[in-house]
Amino acid sequence: MSSLNYFQLENDLKQTVRMDAPLTKGPAPRWERLGMANASNSSLANVSGSVAGFNSSRSNIPKTPKDKSGKINKSASESKKMSSKKSKSGLTPGNDASKRTAFADRLIPVRTNSQFDVAHHNLMKSQPSAQENEGSDHEGEASEETTAHQRLLDDHLKVSDKERIFSYSVKPAAAPDDHINSLKVVYTQSSLPPSVHKAAGRFIATKPDRILDAPALVDDFYLHPIDWSKSNHVAVALSESVYVWNASTSEIFTLASLDAEESEDITATAVAWVAAGSHLAVGTSNGEVWLYDVAASRRVRRMRGHTSRVPCLSWNEYVISSGSGSGSIHHYDVRVPQFCVASLPEAHSGLEVCGLSWSPDKKYLASGGNDNTVKIWAAGETADGRSVDSDSEPVSIFTHHQAAVKALSWCPWRSYVLASGGGTNDRAIRIWNVDTQSQVSALAWSEEYHELVSAHGHSSNQIIIWKAPSLEKVARLEGHESRILDMALSPDSTTIVTAGADETLRIWKCFAVDEQRKKAKAKKDTQAKGGRSAFQQLMR
């Protein structure tokens, strides 16, 4: 092969493998190539009978190459014929189509479920008919026939706008965890894990930050087994024992073992931290409320009064309110010997009180019961503290729920706004009446973002963050394998802990403080004060 043909072949190869070249027509089908080859052979056979045409177009035919002596170079001529044949047939010499094999790294999906007839129908449906384009006299008749034909195809193919044309039954295998994308230069990768969702201008991790084992956690919808203190301690009731987890140091210690302190079998049904201090109130299955000094790890008070278990507790400064399975509510002042300062014996018509919550301003007490009602009680001044008088009547009674009301939470920035959640037969959060498709077991407010977080039981076992007051869904958090029984908010209002019937406690960082938003808020406050900082305002 001469150097000229060699370079010509090399240039052809470079043009073929160029990735930035415009797309051209692909190779002709095999039957067309065979027909072109036969036509080429027949034209070569009739060349001798076309002398006149040959002479007339001789100036357009390249000359046969010759060497320096003037002799015809046969090798160059044969090479040129070969390249000409190659350009006509589209095949490389010695590389027949029957000898080609599929590449081993190609992924050819199974298209048995692909609906190509639906795709063709949708494409042809949007194109006008040929008779409409030509403006024939029979345009109206053709249009009616086309419309009737399309209707028949619609009925036969059952074409829908949401129907998928391509449907592959085999999904591609997922990449391993240690896989490194070699195309990171072309495709940018996010530094955040795939379990992070961007919502409401911030990132919310949809996976728990930490999972703690909670063996022997009682699977009872009406109980409140966890609470988070202002000093960053989480108390959890696990059957007959009460444990405390220090969220700052991750230390866990046993606070009490109820069956060891008493001869009878007693289980812890509810826990509640006092707002200021290290005291913890524990409700028991025998209708008592025990008060523990967590710093000293000992029990300091034992308050009797209920005839059945105590599933819910709520503090009002030094007064602890407790609800019982018999439908009564007692108020205990832990500072005085005669601790029972007030009582509501028929708060919920003899049915279990499963939810209690004092408002942020301590003026109202909300109670939810198994009678499907929410009652609002006004606090009054008693001789020993602030509680609800025994002869008081509820200020308001809400009867909209269709199931037991356990989840109660007051809005921290609007003390008169209350959120309540119903059980399985209700599955709604009121006052806004949003259907959550599952029973509501706990509610909490985020003052930083003005949002409401709800924990759910049957059948979704999920956590939902809502935007207040529009109640737009911000995020949906999943992880518990069984229903969520209770939820508590951290003292800095950035993290929640949930207790599930799957015997786990899960820590969720739902309301992390956005530094940019914090700086913007501080700047806005400074501008509102006339551009002077707090230090400058103190100076005279």
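The values are calculated or read from the model by the stated rules, or taken from the named source; none is laboratory data. Just so it is clear, the structure is predicted and the values come from calculations on it, not from any experiment. In this analysis, Cβ positions are derived from the backbone assuming ideal geometry, glycine residues included, and neighbour counts consider all displayed protein chains. Calculation scope for accessible area: heavy atoms of the full protein, side chains included, ligands and nucleic acids excluded. Shrake-Rupley method; radii C 1.70, N 1.55, O 1.52, S 1.80 Å.
Filtering 367, 392, 409 for residues that are surrounded by 15 or more Cβ atoms within 10 Å (Cβ to Cβ) and at pLDDT below 90 leaves a single hit, 392. Taking the stretch 291-316 as the range and being under 18 Å from residue 223 (Cβ atoms) and either touching a Pro at 6+ places or on another chain (Cβ under 9 Å) or open to solvent by 10 Å² or more (accessible area, probe 1.4 Å) (or both) as the test, the residues that pass are 306, 307, 308, 309, 313, 314, 315. Screening the stretch 505-520 for residues that are open to solvent by less than 50 Å² (accessible area, probe 1.4 Å) and part of a loop (DSSP other than H, G, I, E, B) and picking the one that is modelled with the lowest pLDDT gives 514. Kindly establish whether residue 322 is of a type outside the set (A, V, I, L, M) and open to solvent by 10 Å² or more (accessible area, probe 1.4 Å). Criteria not met by residue 322. Pairing residues of the stretch 317-339 that are more than 20 Å from residue 369 (Cβ to Cβ) with residues that are hydroxyl-bearing (Ser, Thr, Tyr) and not in a strand (DSSP E or B), at Cβ distances under 8 Å and at least 6 apart in sequence or on separate chains, gives 333/318; 334/318; 335/318. Take residue 476 and decide whether it is open to solvent by 20 Å² or more (accessible area, probe 1.4 Å), at pLDDT 85 or above and either more than 29 Å from residue 243 (Cβ to Cβ) or hydroxyl-bearing (Ser, Thr, Tyr) (or both). Considered against the rule, which asks whether it is open to solvent by 20 Å² or more (accessible area, probe 1.4 Å), at pLDDT 85 or above and either more than 29 Å from residue 243 (Cβ to Cβ) or hydroxyl-bearing (Ser, Thr, Tyr) (or both), residue 476 comes out as yes. The single residue among 222, 243 that is modelled with pLDDT of 90 or more, out of contact with any Pro (no Cβ under 6 Å at 6 or more places or on another chain) and among the aromatic types (Phe, Trp, Tyr) turns out to be 243. When the residues of the stretch 445-461 are filtered to those that are open to solvent by 10 Å² or more (accessible area, probe 1.4 Å) and not hydroxyl-bearing (Ser, Thr, Tyr), the one that is nearest to the chain's Cα centre (by Cα) is 461.
Yes or no: residue 342 under 43 Å from the mean Cα position of the chain (by Cα), under 19 Å from residue 356 (Cβ atoms) and among the small types (Gly, Ala, Ser)? No, not satisfied.
Considering (1) touching a strand residue (DSSP E or B) at 6+ places or on another chain (Cβ under 7 Å); (2) without any contact (Cβ under 8 Å) to a residue 40 or more places away in the chain; (3) open to solvent by 20 Å² or more (accessible area, probe 1.4 Å), the lone condition that residue 360 does not fulfil carries the number (2).
Taken as a whole, the structure leaves residue 476 outside the set of residues that are touching a His at 6+ places or on another chain (Cβ under 6 Å) and not aromatic (Phe, Trp, Tyr). The conditions of being under 30 Å from residue 251 (Cβ atoms), crowded, with 16+ Cβ neighbours inside 10 Å and of a type in the set (D, E, K, R) are met by residue 288. Could you check, for the stretch 454-470, whether at least one of its residues is more than 26 Å from residue 269 (Cα to Cα) and in contact with a His (Cβ under 6 Å, 6 or more places away or on another chain)? Yes, the stretch 454-470 contains at least one residue that is more than 26 Å from residue 269 (Cα to Cα) and in contact with a His (Cβ under 6 Å, 6 or more places away or on another chain).
Before we move on, is residue 333 of a type in the set (Asp, Glu), modelled with pLDDT of 95 or more, closer than 25 Å to residue 228 by Cα and open to solvent by less than 50 Å² (accessible area, probe 1.4 Å)? When the stated conditions are applied, residue 333 does not pass them. Quick check on residue 315: is it at pLDDT below 95, in a strand (DSSP E or B) and within 23 Å of residue 413 (Cα to Cα)? Taking the combined requirement at face value, the residue does not satisfy it. Only a single criterion out of (1) surrounded by fewer than 20 Cβ atoms within 10 Å (Cβ to Cβ); (2) assigned to a strand (DSSP E or B) is not satisfied by residue 235, namely (1). Of all residues in the stretch 425-444, those satisfying the criterion of being open to solvent by 70 Å² or more (accessible area, probe 1.4 Å) and either at pLDDT 90 or above or of a type in the set (D, E, K, R) (or both) are 425, 427, 435.
Within this structure, residue 168 fails the test of being surrounded by 11 or more Cβ atoms within 10 Å (Cβ to Cβ), modelled with pLDDT of 90 or more and aromatic (Phe, Trp, Tyr).
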